[in-house]
Amino acid sequence: MESAPRPPSPPTFRSRVKRYTEDTRNVAAWLRQTALNCGYAASTASPSVESCNGKKAEYLIKTSEFIPMAEAIAAHKPQPTIPQDVLATISRAIRLRRRETRYVKLFGAKCRQSQFGDSTHTHFTEKVLGKVRDVLRPIVQPTAPEPQATTAPSLSEKLASFFGSETDEAENISDEPFNNLTPVDIDFDDVEVEDEFFLAIDAFMEDVFVMRQYVEYIWTMYKESVLENNVCSLLTNTAIDVVRLAENEFAKLIKRPKRFPEDKFPVWTLPALLFYKRTPTLEERFTYEEFSGLMPIKLLRKDVEDQSDFALFSVFSGLKWYLYTTPEQGPCTLDPARFKQSEISWHPHLPRVVEMCQMMQWQADIQFSPEFEGFPDGVAEDEIARGVRHMTKYREIPIWVQFAAQTYIDIQDVLDNIMDAPLKELHKWVATCSYRLNEFLSDNARLRTWDLTLHEQFTKLTGSLSKSQQSLEL
């Protein structure tokens, strides 16, 4: 007898932005310390920021110092030992910014490999870190390559590798060369700060896109009768919660240009900024503030197709329309049919997002009418419903809420013609549980005399299950 398939591991967020920030600061600290040991006169400027691990950075290193420090190390006699892990860390930092979508290589994807170009090269990663790697490579300490697996990976192994840590020139990169170094921060010029800013958003949204693929994968497994509805629902809620936590961390990590202050551009507007930046035609019609703010704008499908999917802008736009037409106290007045007019080519996500919000808002605010008296007095709130409630209460649309709305649409697309399957499954299990509990009480009629309290609890549970079953049949 075959054992039941193991569900995929709970979703985890790769946080390439955090990894990149740690890697570049580690490399900067190692270059500074090693160059000083080789006689280099490094900068002594002190920043007022903290490093990723919470330690206050004691030195500020300009990007223009990276190459001279590497050259000083390479030219020193005798040559110092350069650990392979240092070179591997530099390579990983460079590769994290090249934005290669591994999902496309492993499974294929419905979007282009890179929504905003096949790769994004920055001055710092390509011209500075790339040059540092070239200077140090000839003197790096060699290591023996690790043996590679020869068997073809299974689908579960592919998924595990996809959501696991990324590999580079070394299979496992050690942080040992960076232990006990004086924390430093990198001093980017204004152009580099903006470049790094948009690429950090880009990397973060790529990680969000990976989470979307995870959710689509588990619901595909449900459609194929591999996973149960409750497992997929739990993992979906977990994925949304993971994105919420990652968004909070991202807000603390990102370094902002002067023209994008946090008070005008909170973290939840950043995906829209990225989409605006990568779509030059939008500059002729909107400012950054207009495009990313809460005021809805008329953007047709031809304006947002393809690239908007990656930046979640189509669902963001639908959420803005819903929020705009929903007063702080009162129901939404927006008719989803507005976005179904044949003469206007609205993005198809807009009516679906509005319908979703109306249903979730009803779920959050429902007050049962007299004919529902005696039924359960509340509806369990999942993370998607929580997102709509948060949006209407705080008048903001966090990235995790955008992700939740997109997840709702993605699940619908996966289930397609069996969208009512989870409800049917729930109805079946409620009926089964109710039948088995009644059967137990019937077979144990003397339970009342043994333990009256326990009997009353069982009876109450039976009544609740019966009412739930009736509500599912309505």
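The values are calculated or read from the model by the stated rules, or taken from the named source; none is laboratory data. As the structure is a computational prediction, the values presented were derived from the model and not from experiment. Neighbour counts run over all protein chains shown; Cβ positions are idealised from the backbone, glycine included.
Tabulated values for the structure
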item: Matching entry among Ser51, Ser15 (being within 30 Å of Ile240 (Cα to Cα), modelled with pLDDT of 75 or more, among the hydroxyl-bearing types (Ser, Thr, Tyr) and within 24 Å of the chain's Cα centre (by Cα)); result: Ser15
item: Residues of region 259-281 classified as within 23 Å of the chain's Cα centre (by Cα) and either β-branched (Val, Ile, Thr) or part of a helix (DSSP H, G or I) (or both), total; result: 12
item: Answer residue from region 254-287, given it is among the hydroxyl-bearing types (Ser, Thr, Tyr) and surrounded by 11 or more Cβ atoms within 10 Å (Cβ to Cβ) and is farthest from Glu22 (Cα to Cα) among those; result: Thr287
item: Set Ala405, Ala445, Ala364: member being at pLDDT 65 or above, of a type in the set (A, V, I, L, M, F, W, C) and either in contact with a helix residue (DSSP H, G or I) (Cβ under 8 Å, 6 or more places away or on another chain) or closer than 23 Å to Ala311 by Cβ (or both); result: Ala405
item: Cross-chain or 6+ apart pairs with Cβ under 8 Å, region 290-303 first and at pLDDT 75 or above, then surrounded by fewer than 17 Cβ atoms within 10 Å (Cβ to Cβ) and part of a helix (DSSP H, G or I); result: Leu294/Tyr324; Met295/Tyr324; Pro296/Tyr324; Ile297/Glu290
item: Test result for Val184, surrounded by 21 or more Cβ atoms within 10 Å (Cβ to Cβ) and assigned by TED's automatic domain parsing to the domain that holds His123; result: yes
